[in-house]
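The values are calculated or read from the model by the stated rules, or taken from the named source; none is laboratory data. Fair warning: this is a prediction, and the values are worked out from it, not measured in the lab. Heads up, the Cβs are rebuilt from the backbone with ideal geometry, glycines too, and the neighbour counts pull from every protein chain shown. Side chains included, ligands, DNA and RNA excluded: accessible areas come from the protein's heavy atoms. Shrake-Rupley method; radii C 1.70, N 1.55, O 1.52, S 1.80 Å.
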Amino acid sequence: MATFFGEVLSVYSRAVEEDDDELDEIEEDEQIRRELEEKRQKFMLHLQELLIYGNLEVHLHWSPEVSESLKSGNKLQCSDFILAVGQNASSFLSVHILSTPNWDTIGRASVWNERSRAVTGQSCEESACVFYRHKDNPTVLICQVSCYVAEDQLFQWTEKVFDCLQLRELNVTVLSDTSVADYKTADYLGGSSAPFLRSLHTSAFGDQPVCQSLEQPNIVTGLAAAVLNHCQVHRIAAVVYQCYSDVIGPDSVTMETYKPVLTKLGRSIQLDPSPSTDALRKFVRTTDLQSNLYI
(Lines give C-alpha, C1' and ligand atoms only; values in the text may rest on other atoms or scores of the structure.)
Protein backbone atom coordinates (compact mmCIF):
# COMPACT_ATOMS: atom_id res chain seq x y z
CA MET A 1 0.00 0.00 0.00
CA ALA A 2 1.30 3.44 -0.95
CA THR A 3 0.79 6.53 1.18
CA PHE A 4 0.02 10.06 -0.02
CA PHE A 5 3.75 10.78 0.00
CA GLY A 6 4.58 7.72 -2.12
CA GLU A 7 5.89 5.52 0.69
CA VAL A 8 5.24 1.80 0.37
CA LEU A 9 4.09 0.14 3.61
CA SER A 10 3.73 -3.52 4.46
CA VAL A 11 0.19 -4.44 5.36
CA TYR A 12 -0.68 -7.27 7.72
CA SER A 13 -4.12 -8.77 7.55
CA ARG A 14 -5.87 -9.35 10.84
CA ALA A 15 -7.20 -12.58 9.40
CA VAL A 16 -3.67 -13.86 8.79
CA GLU A 17 -2.66 -13.05 12.38
CA GLU A 18 -5.70 -14.92 13.69
CA ASP A 19 -4.81 -17.92 11.54
CA ASP A 20 -1.28 -17.97 12.98
CA ASP A 21 -2.65 -17.82 16.52
CA GLU A 22 -4.97 -20.70 15.78
CA LEU A 23 -2.08 -22.77 14.41
CA ASP A 24 -0.02 -22.10 17.54
CA GLU A 25 -2.93 -23.14 19.74
CA ILE A 26 -3.41 -26.34 17.75
CA GLU A 27 0.28 -27.20 18.08
CA GLU A 28 0.16 -26.55 21.83
CA ASP A 29 -2.93 -28.75 22.16
CA GLU A 30 -1.24 -31.54 20.25
CA GLN A 31 1.84 -31.27 22.46
CA ILE A 32 -0.31 -31.49 25.58
CA ARG A 33 -2.14 -34.51 24.16
CA ARG A 34 1.17 -36.25 23.40
CA GLU A 35 2.46 -35.61 26.92
CA LEU A 36 -0.77 -36.89 28.46
CA GLU A 37 -0.63 -40.00 26.27
CA GLU A 38 2.96 -40.69 27.34
CA LYS A 39 1.99 -40.35 30.99
CA ARG A 40 -0.99 -42.66 30.45
CA GLN A 41 1.20 -45.28 28.80
CA LYS A 42 3.74 -45.11 31.63
CA PHE A 43 0.95 -45.45 34.18
CA MET A 44 -0.52 -48.47 32.37
CA LEU A 45 2.92 -50.09 32.20
CA HIS A 46 3.45 -49.47 35.91
CA LEU A 47 -0.01 -50.92 36.63
CA GLN A 48 0.81 -54.05 34.62
CA GLU A 49 4.05 -54.48 36.56
CA LEU A 50 2.15 -54.19 39.84
CA LEU A 51 -0.32 -56.86 38.69
CA ILE A 52 2.53 -59.19 37.71
CA TYR A 53 4.94 -58.70 40.60
CA GLY A 54 2.78 -57.31 43.34
CA ASN A 55 3.24 -54.05 45.22
CA LEU A 56 6.85 -54.20 46.48
CA GLU A 57 6.29 -57.88 47.24
CA VAL A 58 9.12 -60.23 48.17
CA HIS A 59 8.77 -63.68 46.59
CA LEU A 60 10.72 -66.76 47.65
CA HIS A 61 11.40 -69.36 44.97
CA TRP A 62 12.77 -72.64 46.35
CA SER A 63 13.99 -75.74 44.56
CA PRO A 64 11.39 -78.54 44.17
CA GLU A 65 12.99 -80.56 46.98
CA VAL A 66 12.95 -77.66 49.45
CA SER A 67 9.44 -76.60 48.39
CA GLU A 68 8.05 -80.07 49.08
CA SER A 69 9.76 -80.15 52.46
CA LEU A 70 8.35 -76.76 53.44
CA LYS A 71 4.86 -77.70 52.26
CA SER A 72 4.94 -80.77 54.50
CA GLY A 73 5.77 -78.55 57.48
CA ASN A 74 9.48 -79.35 57.68
CA LYS A 75 11.61 -76.22 57.91
CA LEU A 76 15.19 -76.03 56.66
CA GLN A 77 17.60 -77.44 59.22
CA CYS A 78 20.18 -74.71 59.72
CA SER A 79 23.06 -74.40 62.17
CA ASP A 80 24.92 -71.57 60.38
CA PHE A 81 23.28 -68.96 58.18
CA ILE A 82 25.73 -66.64 56.43
CA LEU A 83 24.23 -63.56 54.81
CA ALA A 84 26.24 -61.28 52.52
CA VAL A 85 24.75 -57.85 51.81
CA GLY A 86 26.47 -55.76 49.16
CA GLN A 87 28.74 -56.31 46.17
CA ASN A 88 32.01 -56.79 48.06
CA ALA A 89 30.50 -59.08 50.69
CA SER A 90 28.78 -61.19 48.02
CA SER A 91 31.87 -61.28 45.81
CA PHE A 92 34.00 -62.36 48.77
CA LEU A 93 31.77 -65.39 49.32
CA SER A 94 31.82 -66.18 45.61
CA VAL A 95 35.62 -66.11 45.43
CA HIS A 96 36.58 -67.76 48.74
CA ILE A 97 33.71 -70.19 49.36
CA LEU A 98 31.23 -70.68 46.54
CA SER A 99 34.01 -71.28 44.01
CA THR A 100 34.32 -74.84 45.38
CA PRO A 101 31.94 -77.53 44.05
CA ASN A 102 30.51 -78.15 47.52
CA TRP A 103 27.46 -75.92 47.17
CA ASP A 104 24.01 -76.34 45.65
CA THR A 105 21.71 -73.49 44.69
CA ILE A 106 18.45 -74.13 46.52
CA GLY A 107 16.46 -70.95 45.91
CA ARG A 108 16.26 -67.23 45.45
CA ALA A 109 14.24 -64.27 46.72
CA SER A 110 12.89 -61.85 44.12
CA VAL A 111 12.75 -58.28 45.38
CA TRP A 112 10.88 -56.01 43.00
CA ASN A 113 11.02 -52.28 43.73
CA GLU A 114 11.64 -48.89 42.15
CA ARG A 115 15.37 -49.54 41.67
CA SER A 116 15.01 -53.02 40.25
CA ARG A 117 12.59 -51.62 37.63
CA ALA A 118 15.24 -49.16 36.53
CA VAL A 119 17.89 -51.86 36.02
CA THR A 120 17.77 -53.20 32.49
CA GLY A 121 19.59 -56.14 31.00
CA GLN A 122 19.59 -58.18 34.21
CA SER A 123 18.17 -61.65 34.52
CA CYS A 124 15.99 -62.66 37.45
CA GLU A 125 18.95 -64.44 39.08
CA GLU A 126 21.17 -61.36 38.78
CA SER A 127 18.61 -59.10 40.43
CA ALA A 128 17.65 -61.52 43.21
CA CYS A 129 18.95 -62.85 46.52
CA VAL A 130 20.37 -66.34 45.97
CA PHE A 131 20.46 -69.15 48.57
CA TYR A 132 23.08 -71.92 48.67
CA ARG A 133 23.37 -75.09 50.77
CA HIS A 134 26.50 -77.07 51.59
CA LYS A 135 26.46 -80.57 50.08
CA ASP A 136 28.38 -82.33 52.85
CA ASN A 137 26.95 -80.25 55.68
CA PRO A 138 23.39 -79.29 54.62
CA THR A 139 22.79 -77.34 57.82
CA VAL A 140 25.08 -74.55 56.52
CA LEU A 141 23.27 -72.03 54.33
CA ILE A 142 24.56 -68.97 52.48
CA CYS A 143 22.57 -66.09 51.02
CA GLN A 144 24.02 -63.46 48.69
CA VAL A 145 22.17 -60.15 48.43
CA SER A 146 23.75 -57.90 45.83
CA CYS A 147 20.53 -56.12 44.84
CA TYR A 148 18.67 -53.25 46.49
CA VAL A 149 16.02 -54.11 49.09
CA ALA A 150 13.60 -51.23 49.68
CA GLU A 151 12.95 -49.95 53.18
CA ASP A 152 9.39 -51.27 53.26
CA GLN A 153 10.62 -54.69 52.06
CA LEU A 154 13.16 -55.28 54.85
CA PHE A 155 10.72 -56.61 57.46
CA GLN A 156 8.93 -58.69 54.82
CA TRP A 157 12.19 -60.23 53.53
CA THR A 158 13.39 -61.07 57.03
CA GLU A 159 10.09 -62.59 58.17
CA LYS A 160 9.69 -64.75 55.06
CA VAL A 161 13.26 -66.06 55.05
CA PHE A 162 13.51 -66.86 58.76
CA ASP A 163 10.07 -68.44 58.70
CA CYS A 164 11.60 -71.14 56.47
CA LEU A 165 14.51 -71.85 58.85
CA GLN A 166 14.70 -74.01 61.95
CA LEU A 167 15.62 -71.43 64.59
CA ARG A 168 16.85 -73.82 67.27
CA GLU A 169 20.64 -73.52 67.79
CA LEU A 170 20.85 -71.21 64.79
CA ASN A 171 23.88 -68.95 64.37
CA VAL A 172 23.63 -66.01 61.97
CA THR A 173 26.61 -64.15 60.50
CA VAL A 174 26.00 -61.05 58.38
CA LEU A 175 28.62 -59.42 56.17
CA SER A 176 27.57 -55.92 55.13
CA ASP A 177 29.10 -53.27 52.88
CA THR A 178 28.87 -49.58 53.66
CA SER A 179 30.64 -46.34 52.77
CA VAL A 180 33.32 -44.91 55.03
CA ALA A 181 31.56 -41.56 54.61
CA ASP A 182 28.84 -42.94 56.92
CA TYR A 183 31.33 -43.65 59.70
CA LYS A 184 31.22 -41.09 62.51
CA THR A 185 34.29 -40.48 64.65
CA ALA A 186 35.99 -37.62 66.44
CA ASP A 187 39.39 -38.78 65.18
CA TYR A 188 40.79 -38.13 61.74
CA LEU A 189 40.53 -41.04 59.32
CA GLY A 190 43.50 -41.14 56.98
CA GLY A 191 43.39 -42.61 53.52
CA SER A 192 45.12 -45.76 54.79
CA SER A 193 42.46 -46.42 57.45
CA ALA A 194 39.83 -47.86 55.12
CA PRO A 195 38.66 -50.50 54.63
CA PHE A 196 38.04 -51.71 58.18
CA LEU A 197 35.56 -53.89 60.08
CA ARG A 198 33.20 -53.16 62.95
CA SER A 199 30.85 -55.62 64.66
CA LEU A 200 27.47 -55.55 66.35
CA HIS A 201 25.80 -58.62 67.84
CA THR A 202 22.70 -59.79 69.68
CA SER A 203 22.61 -60.58 73.38
CA ALA A 204 22.37 -64.31 72.56
CA PHE A 205 25.70 -64.23 70.72
CA GLY A 206 28.21 -65.90 73.02
CA ASP A 207 31.30 -66.01 70.81
CA GLN A 208 34.07 -63.45 70.52
CA PRO A 209 33.83 -61.13 67.47
CA VAL A 210 36.90 -60.92 65.24
CA CYS A 211 36.99 -57.12 65.40
CA GLN A 212 36.06 -54.30 67.76
CA SER A 213 32.46 -53.30 68.33
CA LEU A 214 30.76 -50.53 66.40
CA GLU A 215 31.18 -47.29 68.28
CA GLN A 216 28.35 -44.88 69.07
CA PRO A 217 26.72 -42.97 67.45
CA ASN A 218 27.28 -45.25 64.44
CA ILE A 219 24.41 -47.56 63.51
CA VAL A 220 23.69 -50.50 61.23
CA THR A 221 21.07 -49.87 58.56
CA GLY A 222 19.27 -51.70 55.78
CA LEU A 223 18.86 -55.46 55.57
CA ALA A 224 21.66 -56.10 58.07
CA ALA A 225 19.82 -54.05 60.68
CA ALA A 226 16.50 -55.80 59.95
CA VAL A 227 18.09 -59.23 60.37
CA LEU A 228 19.91 -58.22 63.55
CA ASN A 229 16.71 -56.79 65.05
CA HIS A 230 14.77 -59.95 64.15
CA CYS A 231 17.43 -62.12 65.77
CA GLN A 232 17.48 -59.98 68.92
CA VAL A 233 13.69 -60.26 69.30
CA HIS A 234 13.71 -64.04 68.75
CA ARG A 235 16.87 -64.60 70.87
CA ILE A 236 18.97 -65.90 68.00
CA ALA A 237 22.75 -65.72 68.16
CA ALA A 238 23.71 -63.25 65.44
CA VAL A 239 26.58 -60.91 64.61
CA VAL A 240 26.91 -58.25 61.91
CA TYR A 241 30.33 -57.42 60.50
CA GLN A 242 30.12 -54.08 58.74
CA CYS A 243 32.93 -53.20 56.35
CA TYR A 244 33.59 -49.50 55.85
CA SER A 245 35.27 -48.86 52.50
CA ASP A 246 36.20 -45.80 50.46
CA VAL A 247 35.79 -47.69 47.17
CA ILE A 248 32.51 -48.00 45.32
CA GLY A 249 32.05 -51.33 43.59
CA PRO A 250 33.87 -54.70 43.83
CA ASP A 251 37.40 -54.31 45.16
CA SER A 252 39.87 -57.06 46.10
CA VAL A 253 41.28 -55.13 49.08
CA THR A 254 37.80 -54.57 50.52
CA MET A 255 36.91 -58.22 49.96
CA GLU A 256 39.99 -59.36 51.86
CA THR A 257 38.80 -57.37 54.89
CA TYR A 258 36.15 -60.05 55.49
CA LYS A 259 38.71 -62.85 55.59
CA PRO A 260 39.09 -63.05 59.43
CA VAL A 261 35.33 -63.52 59.75
CA LEU A 262 35.02 -66.67 57.68
CA THR A 263 38.36 -68.06 58.81
CA LYS A 264 36.64 -68.47 62.16
CA LEU A 265 33.85 -70.41 60.44
CA GLY A 266 36.37 -72.67 58.70
CA ARG A 267 35.45 -75.54 61.00
CA SER A 268 32.07 -75.91 59.25
CA ILE A 269 32.85 -74.73 55.72
CA GLN A 270 35.82 -75.10 53.40
CA LEU A 271 37.58 -71.88 52.48
CA ASP A 272 39.82 -71.06 49.55
CA PRO A 273 42.47 -68.88 51.26
CA SER A 274 44.31 -68.06 48.03
CA PRO A 275 41.88 -67.79 45.13
CA SER A 276 43.25 -67.71 41.61
CA THR A 277 43.64 -64.51 39.64
CA ASP A 278 41.00 -65.70 37.19
CA ALA A 279 38.51 -66.09 40.02
CA LEU A 280 39.13 -62.51 41.16
CA ARG A 281 38.88 -61.13 37.64
CA LYS A 282 35.29 -62.31 37.40
CA PHE A 283 34.28 -59.87 40.10
CA VAL A 284 36.89 -57.11 40.05
CA ARG A 285 37.55 -54.97 37.00
CA THR A 286 41.17 -54.95 35.84
CA THR A 287 41.05 -51.19 35.27
CA ASP A 288 41.74 -48.86 38.17
CA LEU A 289 38.59 -48.26 40.15
CA GLN A 290 37.91 -44.59 40.66
CA SER A 291 35.71 -43.62 43.56
CA ASN A 292 33.37 -40.66 43.13
CA LEU A 293 32.75 -40.48 46.86
CA TYR A 294 34.11 -36.95 47.22
CA ILE A 295 33.23 -35.58 43.78
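In this simple spin-label approximation, Glu27 and Asn74 carry label points 7 Å from Cα along the Cα→Cβ vector, and these lie 7.4 nm apart.
Rounded if a/c is under 1.5, else prolate if a/b is larger than b/c, else oblate: which is segment 75-117, with a ≥ b ≥ c the root eigenvalues of its Cα gyration tensor?
oblate
Pairs from the table (Lys75/Lys135; Lys184/Lys259; Lys71/Lys160; Lys184/Lys264) lying more than 22 angstrom apart at Cα are Lys184/Lys259; Lys184/Lys264. FRET efficiency for the pair Thr221 and Gln41, taken as 1/(1 + (r/R0)^6) with r the Cβ-Cβ distance and R0 = 45 Å, rounds to 0.80. Overall, the accessible surface of segment 213-265 at a probe of 1.4 angstrom is composed of carbon and sulfur to the extent of 57 percent. If you take the beta carbon distance between Gln232 and Ser193 as r and set R0 to 35 Å, what does 1/(1 + (r/R0)^6) give as a FRET efficiency, to the nearest 0.05? The formula returns an efficiency of 0.75 here. Given their separation in residues at 0.36 nm each and the Cα-Cα distance between them, Glu256 and Cys211 gain 14.8 nm when the chain is fully extended.
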